[in-house]
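The values are calculated or read from the model by the stated rules, or taken from the named source; none is laboratory data. Remember, predicted model here, so these are calculated numbers, not experimental data. Glycine gets a Cβ as well: all are built from the backbone with ideal geometry, and neighbour counts include every protein chain shown. Areas reflect the complete protein model, heavy atoms only, side chains present, ligands, DNA and RNA absent. Shrake-Rupley method; radii C 1.70, N 1.55, O 1.52, S 1.80 Å.
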Amino acid sequence: MIILKDIKKSFNKSQVLRGINLKINRGEVVTILGPSGSGKTTLLRCLNFLERPEAGIVQIGNIQLNAKNATKKDMLSVRKQSAMVFQHYNLFAHKTVVENVMEGLVVAKKVKKKDARMISEKVLEKVGLSDKLHFYPSQLSGGQQQRVGIARALALNPEVILFDEPTSALDPELVGEVLSVIKEIAQEGITMVVVTHEMSFAKEVSDRVLFMDGGVIVEEGTPWEIFHAPKEERTRRFLQRIS
Ligand code: ADP
């Protein structure tokens, strides 16, 4: 469903992605682990052309783009195939919870307001926020704000949801509620790519785990293979350091 071929990306002459090849099947949950600065977020952002790779091919669903000659319109059409959940939620402060979720539907997808409201209320129920529809983000806990972020992604009904360290800005006691919402969605068969530092989540929920270091995928495998029988020394050292 998603294919990346030889994706390369540099910032100021420093190469952050050094040729990423990856295939993700429909319904698969893939987590990406790796030390800070290894290129995990950049990979997610290249996947939906929030960053333009300088070389490589991205295919999501039936849209395929070559980074070298993709037009703005092409990039927008790839972006519409995915939805992103950000580390810092990125909600509109002056909009209520339900308005935040409706925004993408009305503006990007041109859904009628009445329908957008109905869809939004439904996904907000799914993330357990039916009683907060008319609250503003500042009136919510971090965990609740992130659940709005997840509802917003779900509402768009994308081919894939990209999670960029969705719990790393949260106080420890709020991490669980967000992870359990993500886990529930995963069980519904939505394709997901999750950059995370939460090892137990990666173990429990992923179909496949990727370990990145220095701008490459060093190793990939099932959670069991990565956590119990890593083949690469770099993976072993990383797992020892964080356990
Ligand atoms: P990770 O998510 O694994 O921590 P990132 O993809 O965020 O890694 O970053 C990889 C490297 O790319 C880092 O050295 C970071 O400083 C650099 N980088 C990321 N985004 C930018 C940017 N917009 N401009 C310049 N450098 C960037």
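Structure above, values below:
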| read-out | value |
| --- | --- |
| Condition broken by Val106, with the remaining ones in (1) open to solvent by less than 70 Å² (accessible area, probe 1.4 Å); (2) touching a residue at least 12 places away in the same chain (Cβ under 8 Å); (3) of a type in the set (A, V, I, L, M) satisfied | (2) |
| Near pairs, Cβ below 8 angstrom, 6+ apart or cross-chain, from the stretch 21-34 (touching a residue at least 60 places away in the same chain (Cβ under 8 Å) and more than 17 Å from Gly56 (Cβ to Cβ)) to any residue that is in a strand (DSSP E or B) and among the charged types (D, E, K, R) | Glu28/Arg208; Val29/Arg208; Val30/Arg208; Thr31/Arg208; Gly34/Asp213 |
| Residue count, the stretch 11-28 (criterion: assigned to a strand (DSSP E or B), under 21 Å from Arg79 (Cβ atoms) and open to solvent by less than 50 Å² (accessible area, probe 1.4 Å)) | 5 |
| Single residue of the stretch 198-236 satisfying the filter (under 29 Å from Glu173 (Cα atoms), away from the ligand (no atom under 14 Å from the Cβ) and part of a strand (DSSP E or B)) that is least open to solvent (accessible area, probe 1.4 Å) | Val209 |
| Scope the stretch 127-141; condition in a helix (DSSP H, G or I) and out of contact with any helix residue (DSSP H, G or I) (no Cβ under 7 Å at 6 or more places or on another chain); matching residues | Asp131, Ser138, Gln139 |
| Filtered residues of the stretch 163-184 (kept if more than 16 Å from the ligand (Cβ to nearest atom) and not in a helix (DSSP H, G or I)) | Leu170, Asp171 |
| Residues of the stretch 40-76 satisfying the condition of being loosely packed, with under 15 Cβ neighbours inside 10 Å and part of a helix (DSSP H, G or I) | Lys72, Lys73, Leu76 |
| Residue match in the stretch 205-213 (condition: modelled with pLDDT under 95 and either touching a Lys or Arg at 6+ places or on another chain (Cβ under 8 Å) or among the β-branched types (Val, Ile, Thr) (or both)) | yes |
| Check on Phe92, aromatic (Phe, Trp, Tyr), within 16 Å of the ligand (Cβ to nearest atom) and out of contact with any Phe, Trp or Tyr (no Cβ under 8 Å at 6 or more places or on another chain) | no |
| Members of the stretch 79-115 found to be in contact with a Gly (Cβ under 9 Å, 6 or more places away or on another chain) and assigned to a helix (DSSP H, G or I), listed by number | Asn100 |
